[in-house]
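Everything on this sheet refers to the single structure shown next.
The values are calculated or read from the model by the stated rules, or taken from the named source; none is laboratory data. The structure displayed is predicted, hence computed values, not measured ones. No Cβ is skipped: glycine too gets one built from the backbone with ideal geometry, and neighbour counts run over all protein chains shown. Heads up: the accessible areas ignore ligands, DNA and RNA and are worked out on the full protein's heavy atoms, side chains in. Shrake-Rupley method; radii C 1.70, N 1.55, O 1.52, S 1.80 Å.
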Amino acid sequence: MTLSIGDFELLLQANRILSSKLDSGDLLEAVMELAARVVKAETASILLLDEKTNELYFDVALGDAGEQIKQIRLKVGEGIAGCVAQSKQPMIVNDVKSDPRWCGKGDQKSEFTTRSILAVPVMTKGKIVGVVEAINKFDEAPFTDQDLKAFEAFASQAAVAIDNARLFSAVKSEKEKLGMVFAEMSDGALLADEAGNIQLMNAAAGRLFGISPGDAVGQMNIRHCFQGFNIIPPFDMIVDQKEKYCSVELVRTEGKPLYLSGVANRLSTDQGDIVGYLVLVRDVTEERKEEMLKRNFLSLISHKLKTPLVTITGYAPLLLEDTSRLTDFQKKALSTIKNQGLHLTSLVDKLLTFSLVESETLALERKKVSVQEIIDKALINMRPYIELHNAKCIVDQTIAELPPVEVDFERTLEVFRNLIENAFKFNTKTDKWVKLSGTVLKGSVHISVEDNGPGIAPEEHSKIFQKFYQIEDSFTGQVEGAGLGLSLAKRIVEAHSGLIGVESNPGKGSTFFFTLPTAP
């Protein structure tokens with residue numbers, strides 16, 4: 001049996017109406033009204049499935065008894081609607097009184113008399129979402145197979161519309177949550193499309209960039225926000241880069257100093273097409289000022305200490321050249337002055353290096369050089385130190401096999417010196433040794449500095465690279481030092497776009513490792 005032209009026209013009209021509804025309540029009311037018209041029934045109802053309780057319920061009910069009807073719930077398998085939900089098959093019952101599956105809860109609540117029912121499952125993506133019913137055909141005529149065919153077509157349209165409305169509701173809810181989080185963020189947030197046009201800007205970003213979010217959204221390009229700032233890297237480089245995430249630093253060029261730090265995220269589809277950019281920034285002005293004060297203070301103190309230290313370290317050796325008229329105590333005192341003067345000079349030199357390396361932009365004079373050459377120079381410079389500690393430094397054959405690197409020679413030399421010195425300084429064994437080895441990675445070399453020292457507890461691994469940090473003396477036997485060696489090494493390695501870390505456990509020695517870029 002085929003549908004008539006009138007049925008098709010009515011279904012097309014129903015489809016247009018349902019397609020225009022995205023509000024869940026409006027849609028379900030439209031479904032009930034249209035369901036009755038499709039098969040010329042007195043009324044209609046729609047029951048939705050509650051997956052948690054496996055029950056059918058009336059989400060929308062019209063008339064004076066609407067609220068009472070909405071309280072009715074049918075277990076799947078209960079009543080005609082429950083049986084349709086359970087079997088997922090349509091059903092025509094032209095005499096409900098004689099059907100044992102009939103459940104008259106709705107009639108009892110509404111004082112309405114149901115004579116016949118046409119019930120069809122509402123399904124989407126293979127799952128049942130509810131049951132739509134047409135009740136009492138006009139003129140007390142029975143429901144026919146043609147009515148069933150038309151009603152099934154309508155139920156399919158309703159299922160799609162309900163699914164779309166639910167998706168829309170979920171998206172709308174998530175958007176509202178996101179909007180609330182976005183607005184309340186203390187960090188500045190900018191969301192732009194693939195062309196850089198601003199789609200969202202929160203209040204914090206408006207304050208930081210001095211722009212009203214209302215004036216920016218939909219009317220301004222993100223590049224306009226960055227006017228008046230030095231941005232590193234430039235936004236065009238962020239657009240062209242291959243990585244999804246990129247750290248950004250912004251410094252205001254005029255007026256009161258303002259430093260912003262954050263991250264730029266490239267938003268893309270699974271196919272790699274760029275759909276937008278999300279930039280998050282926060283005000284780090286006070287942190288930057290504090291860092292500059294520390295650096296200036298260290299630099300000033302270090303330079304001021306240099307002059308008296310030159311005098312001490314210069315005269316002490318001269319006084320020790322002729323000790324014939326000195327007592328043993330005087331000889332010991334002069335020797336102590338000389339050694340401690342040299343030690344203090346070493347600390348001051350490290351402070352000077354530290355203040356230089358910690359500058360805003362660490363200038364690197366890169367050149368092509370072999371790793372073996374850097375290590376040879378480091379070991380020559382450190383020979384007195386190594387002999388003083390009665391230690392041994394082993395250079396593995398893998399070092400000679402490494403390709404040339406492109407680095408700042410003096411800065412990289414400082415990395416090797418600090419790691420080797422650190423390995424001996426904390427080692428209390430009589431047979432101290434350090435072994436240097438290397439492997440080749442893609443675009444870089446991996447250097448390992450292994451020792452047989454006391455090892456480092458796992459919770460200390462991230463802390464030892466912090467400035468002025470030393471592990472507790474109860475564990476290492478605390479030695480003299482400023483706690484700057486590993487911090488300097490980390491800063492220099494990262495300035496070369498490398499990584500540095502440590503693998504260690506107490507009692508099993510330590511292996512410090514870092515990477516350096518290979519020469520093109």
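For beta carbons closer than 6 Å, sequence separation of 6+ or different chains, a first residue in the stretch 43-58 that is in contact (Cβ under 8 Å) with a residue 60 or more places away in the chain and a second that is open to solvent by 40 Å² or more (accessible area, probe 1.4 Å), the qualifying pairs are Leu48/Asp59. Answer yes or no as to whether Gly453 is closer than 29 Å to Cys246 by Cα, part of a loop (DSSP other than H, G, I, E, B) and at pLDDT 85 or above. Judged against the criteria, Gly453 is not a match. Contact annotation: residue pairs with Cβ atoms under 8 Å, 6 or more positions apart or on different chains, pairing a residue in the stretch 330-353 that is farther than 14 Å from Pro317 by Cα with a partner that is at pLDDT 80 or above and among the acidic types (Asp, Glu), are Thr353/Glu414.
Applying a threshold of 8 Å to beta carbon distances and a minimum spacing of six or more residues, or different chains, the list of pairs starting in the stretch 292-320 at a residue that is farther than 14 Å from Asn339 by Cβ and ending at one that is modelled with pLDDT of 75 or more and open to solvent by 60 Å² or more (accessible area, probe 1.4 Å) reads Leu305/Leu344.
So, in the stretch 426-450, how many residues would count as being among the basic types (Lys, Arg) and crowded, with 17+ Cβ neighbours inside 10 Å? If you could, list the steps in order and put the result at the bottom.
First pass over the stretch 426-450, keeping only residues among the basic types (Lys, Arg): 429, 432, 435, 442.
Filter once more, so that each one left must be crowded, with 17+ Cβ neighbours inside 10 Å: 432, 435.
Number of matching residues: 2.
Keeping to the stretch 187-207, report how many residues are open to solvent by less than 30 Å² (accessible area, probe 1.4 Å), in a helix (DSSP H, G or I) and of a type outside the set (A, V, I, L, M, F, W, C). Within the stretch 187-207, residues that are open to solvent by less than 30 Å² (accessible area, probe 1.4 Å), in a helix (DSSP H, G or I) and of a type outside the set (A, V, I, L, M, F, W, C) number 1. In this structure, does Val239 turn out to be touching a Gly at 6+ places or on another chain (Cβ under 6 Å), β-branched (Val, Ile, Thr) and either modelled with pLDDT of 75 or more or open to solvent by less than 90 Å² (accessible area, probe 1.4 Å) (or both)? Here the answer is no, as Val239 does not meet what is asked. Return yes when Ile211 is out of contact with any strand residue (DSSP E or B) (no Cβ under 6 Å at 6 or more places or on another chain) and closer than 24 Å to Glu286 by Cβ and no when it is not. In short, yes.
Any idea which residue in the stretch 208-231 is least open to solvent (accessible area, probe 1.4 Å), counting only those that are of a type in the set (Val, Ile, Thr) and either outside any loop (DSSP other than H, G, I, E, B) or within 21 Å of Val251 (Cβ to Cβ) (or both)? So, considering only residues that are of a type in the set (Val, Ile, Thr) and either outside any loop (DSSP other than H, G, I, E, B) or within 21 Å of Val251 (Cβ to Cβ) (or both), the one least open to solvent (accessible area, probe 1.4 Å) is Ile222. Would you be able to say whether some residue in the stretch 104-113 is more than 55 Å from the chain's Cα centre (by Cα), surrounded by 15 or more Cβ atoms within 10 Å (Cβ to Cβ), free of Cβ contacts under 8 Å to residues at least 40 places away in the same chain and part of a loop (DSSP other than H, G, I, E, B)? For the stretch 104-113, residues more than 55 Å from the chain's Cα centre (by Cα), surrounded by 15 or more Cβ atoms within 10 Å (Cβ to Cβ), free of Cβ contacts under 8 Å to residues at least 40 places away in the same chain and part of a loop (DSSP other than H, G, I, E, B): absent. If you go through the stretch 391-436 and pick out every residue that is acidic (Asp, Glu) and within 21 Å of Val502 (Cβ to Cβ), you end up with 3.
Among Val171, Val160, which is the only one that is without any contact (Cβ under 8 Å) to a residue 12 or more places away in the chain, assigned to a helix (DSSP H, G or I), of a type in the set (A, V, I, L, M) and on the phi < 0 side of the Ramachandran plot? Every option except Val171 fails the conditions. Looking across the stretch 179-205 at every residue that is more than 19 Å from Asn265 (Cα to Cα) and not acidic (Asp, Glu), the one that is modelled with the lowest pLDDT is identified as Met180.
Annotation note: of Glu287, Glu254, the sole residue that is without any contact (Cβ under 8 Å) to a residue 40 or more places away in the chain, part of a loop (DSSP other than H, G, I, E, B) and open to solvent by 50 Å² or more (accessible area, probe 1.4 Å) is Glu254. For the stretch 128-153, a residue qualifies if it is in a strand (DSSP E or B) and either open to solvent by 20 Å² or more (accessible area, probe 1.4 Å) or of a type outside the set (Gly, Ala, Ser) (or both), and the qualifying residues are Ile128, Val129, Val131, Val132, Glu133, Ile135, Asn136, Lys137.
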